[in-house]
Every structure is written in C-alpha cells, then in structure tokens.
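Before any comments, here is the structure.
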Amino acid sequence: MESKVLPVSIFEGGKVVNDKIGDDYVMLVGDAKSRMVRAYRSNGKAFA
C-alpha cells in the first residue's frame, strides 16, 4: 500500500483533485477551511 502527502491548501474553495497513488486512481474532495478530505477510487475516471 502506498501513501501520498498533499498540502490542504490545494483544496481552497472546495476543489476536486484527481490523482494516482500506486496503481490506484483516486478522486479527492476537500475543504481547506475545515481541513477535511474524502478519498474515493475513481477507476481512471476524471471528475470536476
């Protein structure tokens, strides 16, 4: 299992981040103000 560290500031304004960790494509939904991030497997699909 791999992990990755991203700054919470990239989620300013409630942005969605599409990324890849190891062999898994993930979608991250975050809010910098509340400092909360949710991660979902995206199976290679990009979300906005």
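The values are calculated or read from the model by the stated rules, or taken from the named source; none is laboratory data. These figures come from a predicted structure and were not determined experimentally. For neighbour counting, all protein chains shown are included, and Cβ atoms are generated from backbone atoms with ideal geometry for every residue, glycine included.
Results, tabulated for the structure shown:
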{"item": "Filter result for Y40 (out of contact with any Lys or Arg (no Cβ under 8 Å at 6 or more places or on another chain) and modelled with pLDDT of 95 or more)", "result": "yes"}
{"item": "Subset of the range 8-24 (residues that are part of a loop (DSSP other than H, G, I, E, B) and under 18 Å from M36 (Cβ atoms))", "result": "E12, G13, G14, K15"}
{"item": "Matching residues in the range 15-39 - criterion: being loosely packed, with under 12 Cβ neighbours inside 10 Å and under 11 Å from the mean Cα position of the chain (by Cα)", "result": "M36, R38"}
